[in-house]
Amino acid sequence: MPHAPQPASPDRLETADGVTLAYHRTPGRTPGVVFLGGYASDMTGTKATVLEAHAVARGHSFLRFDFRGHGQSSGRFEDGTIGRWRGDALAALDALTEGPQILVGSSMGGWIALMLALARPDRVAGLIGIAAAPDFTEDLMWAEFDAAQRATLLRDRVLHLPSDYSEAPTIVTMDLIEDGRSHLLLRAPIPIAAPIRLLHGMRDTDVPYRHALTLADRLDGEDVEVRLIKNGDHRLSTDRDLAILTATVDALLAD
């Protein structure tokens, strides 16, 4: 899979509350493509850069950025919440894109993408979730924590968990859990009319693939498709996975 040439340094967008978001933007025709990364991930990952190269080759605009506390953006990761990261994504969408966009959200980015589609329905031409994880703070974190982990969070307001993706621990704060409860989507119908494609690996140990089926059931729109990849893991970053992803983007760009 080709990768787009990497600029020496990202551009920066200052948000209303003084955080600077690092981003890379490539101009082109619409619909554009916006990539939204996962929890504790950043915009330099394989999926983001492969999609960037693919969009550039097709002549479509492309945007990738780091949420506050992630990658090259300012702020502390521990201060991030779903609401603040939603605000970052809205700021980036409003300031750095024009016209209709295809939102591609990976894991937490899938939750953020759904919230963008609800907030800016006229700007979203389609949405692709890659192991989309709406409500993960409640259903995949808090609900799965044991009594000792919950007690630690309630006492210290921070919990450090071993990570499968980094030597550094995964940080979970009580602020994240509490704020997440203000943004839950799976408890009611989700009124999004744009076409939605959900890609999910059946060997995903972080976000079980049945989460995609629950999400599809909650979505009000009729143009919703779920593709399960039997040997796929949470990252969905093999060459075959990336080929499926780019083909899914192509199909939405052609609609």
Can you list the GluC sites (Glu not before Pro) in segment 104-186 that are in a DSSP coil and have 13 or fewer other beta carbons within 10 angstrom?
Glu167
Candidate values [x] 17.3, 59; [y] 17.2, 52; [z] 18.0, 52, label of the one derived for Rg and Dmax of the Cα atoms in Å:
[y]
So how long is each side of segment 134-199 along the principal axes, counting just the alpha-carbon atoms, biggest first, in Å?
41, 25, 17
Trypsin sites (Lys or Arg not before Pro) within segment 208-255: DSSP coil, no more than 14 neighbouring Cβ in 10 Å
Lys230
Amide H partners (placed H, <5 Å) of Val124, local residues excluded
Gln101
Nearest-ten-degree value, helix 46-58 long axis tilted from longest Cα axis of the chain:
20 degrees
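Kindly rank 147-153, 125-131, 180-186 from highest to lowest mean number of other beta carbons found within 10 Å of each residue.
Taking the mean over residues of other Cβ atoms within 10 Å, the ranking is 125-131, 180-186, 147-153.
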Quick one: Cα centre-to-centre distance for segment 200-221 and segment 21-52, in angstrom?
22 Å
For segment 127-255, what does the alpha-carbon gyration tensor say about shape, rounded, prolate or oblate, given a ≥ b ≥ c as the root eigenvalues, a/c under 1.5 as rounded, and a/b over b/c as prolate?
oblate
Would you mind checking the radius of gyration and Dmax of segment 85-135 based on alpha-carbon positions, in Å?
9.9, 29
Amide hydrogen neighbours beyond the local backbone of Asp204, cut-off 5 Å, H modeled:
Tyr209
Under the Debye formula (equal points on every Cα, no solvent term), log10 I(q)/I(0) of segment 38-141 at q = 0.13, 0.19 Å⁻¹
-0.44, -0.99
When the dipole is taken about the Cα centre of segment 1-128, and only Lys, Arg (+1) and Asp, Glu (-1) are charged at their Cβ, what size is it in debye, to the nearest 20?
300 debye
Within the chain, percent of DSSP bridges classed antiparallel, to nearest 5:
30 percent
Checking rank on 197-206, 97-106, with mean other Cβ inside 10 Å and highest first, the result is 97-106, 197-206
Segment 1-88: translational diffusion in µm²/s, Stokes-Einstein, Kirkwood Rh over Cα pairs, 37 °C, 0.692 mPa s
246 µm²/s
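We did not get these values from a lab; they are worked out from the coordinates using the rules stated. Only a predicted model underlies this, so the values are computations on that prediction, with no experimental measurement involved. In this analysis, Cβ positions are derived from the backbone assuming ideal geometry, glycine residues included, and neighbour counts consider all displayed protein chains.
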